[in-house]
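The values are calculated or read from the model by the stated rules, or taken from the named source; none is laboratory data. Bear in mind that the values here come from a model prediction, so they are computed numbers and not experimental data. A quick note on method: Cβ atoms are made from the backbone with ideal geometry, for glycine too, and the neighbour counts reach across all protein chains shown.
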Amino acid sequence: MIRVGQKFREERLRKNLSLLEIADATKIREEFLDAIEKGEYQRLPSPSYAQGFVRSYAGFLEMDEKESLALFRREFDEDRAIQVLPKGLTPESEFLIKKRKLGRGAVLALIVFTLISLFLVFQYRAAIFNPPISISIPKEGEEINSPDVLIKGKTDPNATVFIGNEKILVNDNGTFEKKLVFFPGEISLEIKAVNRFGKTSSIVRKITVRP
């Protein structure tokens, strides 16, 4: 689309006129005439002054003033809308950026939804099922030649472990271990895991402690 400034320039050159000559005749500063021809409306003082300059320029060149003003207003409004965007950003690129933001928002919403769903499933399982528990040391029926007995196992990280009535620390990965002292003889160890909902699992280990 041919801009009004381009039409002015073509008509000026056709009439073999310089910007300085037109500036002297119209009393419009040469730099403002140059800005109009180049479509650099941000260099003009204000919209009202700019319209007056365009009308005077069109009249001097014997061009249609109303048509020239209509073209100018349309171009000025379009340029002002683009200038609202960050430097170097066009309406098309703004649309792409918004599209990417919406895409990232959808992905984030999906991640949040997935995490909430997993949390609810975990809570449901904890409320319905007993916590898992396994004992790696000592083995069933093991004979231990020391009063110091090491007990090691694994359970749910959020469960609480008891050996008899003694509460045992559970690590973040669910492992636990404790060394207890027993008198010689046959010992029956009950290791119990209790989750936050009161669900309980237990294992009984029978061992023999030698003096």
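So, in region 129-158, of the ones that are in contact with a Phe, Trp or Tyr (Cβ under 9 Å, 6 or more places away or on another chain) and touching a residue at least 60 places away in the same chain (Cβ under 8 Å), which residue ends up farthest from V209 (Cα to Cα)?
Here the answer is V149.
Scan region 171-211 for residues that are exposed (fewer than 13 other Cβ atoms within 10 Å of the Cβ) and either in contact with a Cys (Cβ under 7 Å, 6 or more places away or on another chain) or of a type in the set (A, V, I, L, M) (or both) and jot them down.
If the condition is that a residue be exposed (fewer than 13 other Cβ atoms within 10 Å of the Cβ) and either in contact with a Cys (Cβ under 7 Å, 6 or more places away or on another chain) or of a type in the set (A, V, I, L, M) (or both), then V181, V204 are the ones that fit.
Being basic (K, R), under 29 Å from F122 (Cβ atoms) and in a strand (DSSP E or B) is the filter here; which residues of region 175-204 pass it?
Matches in region 175-204: K178, K192.
Given the structure, is K139 over 50 Å from the mean Cα position of the chain (by Cα), surrounded by fewer than 18 Cβ atoms within 10 Å (Cβ to Cβ) and part of a loop (DSSP other than H, G, I, E, B)? I'd like the intermediate steps shown before the answer.
Details: over 50 Å from the mean Cα position of the chain (by Cα): yes; surrounded by fewer than 18 Cβ atoms within 10 Å (Cβ to Cβ): yes; part of a loop (DSSP other than H, G, I, E, B): yes.
The answer is yes for K139.
Are there helices (runs of 4 or more DSSP H) fully within region 1-68 with at least 1 residues that are in contact with a Gly (Cβ under 6 Å, 6 or more places away or on another chain) and in contact (Cβ under 8 Å) with a residue 12 or more places away in the chain? List them. Spell out the reasoning first.
Details: elements: 4-14, 19-26, 30-38, 47-60.
In region 1-68, 4-14, 30-38 are the helices (runs of 4 or more DSSP H) which contain 1 or more residues that are in contact with a Gly (Cβ under 6 Å, 6 or more places away or on another chain) and in contact (Cβ under 8 Å) with a residue 12 or more places away in the chain.
I'd like the residue in region 1-46 that is of a type in the set (F, W, Y) and touching an Asp or Glu at 6+ places or on another chain (Cβ under 9 Å) and, out of all such residues, is surrounded by the most Cβ atoms within 10 Å (Cβ to Cβ).
F8
Could you check region 176-200 and list, in sequence order, the residues that are of a type in the set (G, A, S) and either at pLDDT 90 or above or touching a strand residue (DSSP E or B) at 6+ places or on another chain (Cβ under 9 Å) (or both)? Lay out the reasoning, then the answer.
Restricting attention to region 176-200, the residues satisfying the condition of being of a type in the set (G, A, S) are 185, 188, 193, 198.
Within region 176-200, G185, S188, A193 meet the criteria.
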